[in-house]
Amino acid sequence: MKKNYKVIIFDADHTLIDYLEDEKAVLRELLPTLGIEPTEEIVCDCDDVSNETWDSAGLNNVNDPYIQENYHRLYVEHTEDFFASLFLRYPSSADPKATGLKFLKMLERPSILCEGAERVLKALKGKYTVCVATNATSALQRARLRSIEQYLDGVYISEEVGFIKPLPPFFLKILQDLGVKKEDCLMVGDSLSSDVAGANNVGMDSCWLNRKKRANDSGIEPTYEIHSLKELLVLLGEND
């Protein structure tokens with residue numbers, strides 16, 4: 001039986017807004033200033049390097065107390081490592097730290113949306129309280145969320161909240177601000193470790209957006225699983 005949720009809380013990156021496409025767009029502009037030709041092969045290679053340095057920084061380990069305490073500093077610093085690694089493959093005389101900071105600044109613009117995001121947000125607007133909950137720095141995410149701000153009733157960014165997902169205080173802040181119960185809310189996101197686990201930690205229902213239909217061997221169980229955003233409308237009984 002469908003539950004009558006009052007609040008839908010979305011993750012941002014890889015759920016509503018497309019970080020990969022945003023990154024590629026910025027790199028196509030930035031690489032020529034570094035003396036690197038932005039071929040499609042090189043731009044795609046940048047994604048591999050970015051993932052490697054993200055993993056090396058431990059930023060996927062959101063349950064590690066050190067990462068939880070230092071997440072936002074490491075978030076910024078990993079861009080220096082990204083360009084240092086990239087320049088080993090594609091030599092440039094540019095400074096990795098300065099380039100990383102420039103890269104982040106260039107990302108501060110309205111984001112490219114994930115497939116189905118605008119349609120779903122339009123369908124939910126006025127029927128639910130719609131919020132975004134994201135682990136990121138404030139300046140970066142405030143700018144990128146301008147693409148969908150007209151559909152949102154609240155934005156919760158970890159740097160502003162003071163805690164990252166999946167820590168309970170992050171989610172309790174949302175409940176307190178909105179004056180709602182956990183039973184009223186559904187958390188929707190692509191990350192089992194941040195979005196689903198975080199909701200589960202406070203007894204909130206969760207919906208795992210599993211676009212690639214990956215096997216779940218994490219031990220983290222979502223309330224629901226969908227493979228596209230449009231399936232959320234079916235789940236909520238809002239499909240047109």
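The values are calculated or read from the model by the stated rules, or taken from the named source; none is laboratory data. Here the structure is a predicted model, which is why all the values come from computation and not from measurement. Neighbour counts are summed over all protein chains in view; Cβ atoms, including those assigned to glycine, are modelled from backbone coordinates with ideal geometry. Calculation scope for accessible area: heavy atoms of the full protein, side chains included, ligands and nucleic acids excluded. Shrake-Rupley method; radii C 1.70, N 1.55, O 1.52, S 1.80 Å.
Miscellaneous remarks
- Tallying residues that are part of a helix (DSSP H, G or I) and either closer than 20 Å to Ala25 by Cα or acidic (Asp, Glu) (or both) within the stretch 115-128 yields 2.
- Selection status of Thr33, within 25 Å of the chain's Cα centre (by Cα) and under 24 Å from Ala143 (Cα atoms): no
- Residues satisfying the criterion are absent from the stretch 107-114 (criterion: in contact with an Asp or Glu (Cβ under 8 Å, 6 or more places away or on another chain), open to solvent by less than 70 Å² (accessible area, probe 1.4 Å), part of a helix (DSSP H, G or I) and at pLDDT 95 or above).
- Pairs with Cβ under 9 Å, 6+ apart, first in the stretch 92-115 and within 29 Å of Glu149 (Cβ to Cβ), second in a loop (DSSP other than H, G, I, E, B) and open to solvent by 70 Å² or more (accessible area, probe 1.4 Å): Cys114/His14; Cys114/Arg211; Glu115/Arg211
- Any chance Lys97 is buried (at least 20 other Cβ atoms within 10 Å of the Cβ), touching a helix residue (DSSP H, G or I) at 6+ places or on another chain (Cβ under 6 Å) and among the basic types (Lys, Arg): no
- Within the stretch 65-94, restricting attention to residues that are among the β-branched types (Val, Ile, Thr) and under 16 Å from Ser50 (Cα atoms), the residue that is surrounded by the most Cβ atoms within 10 Å (Cβ to Cβ) is Thr79.
- If only residues of the stretch 5-64 that are in contact with an Asp or Glu (Cβ under 8 Å, 6 or more places away or on another chain) and among the basic types (Lys, Arg) are counted, the one that is surrounded by the most Cβ atoms within 10 Å (Cβ to Cβ) is Lys24.
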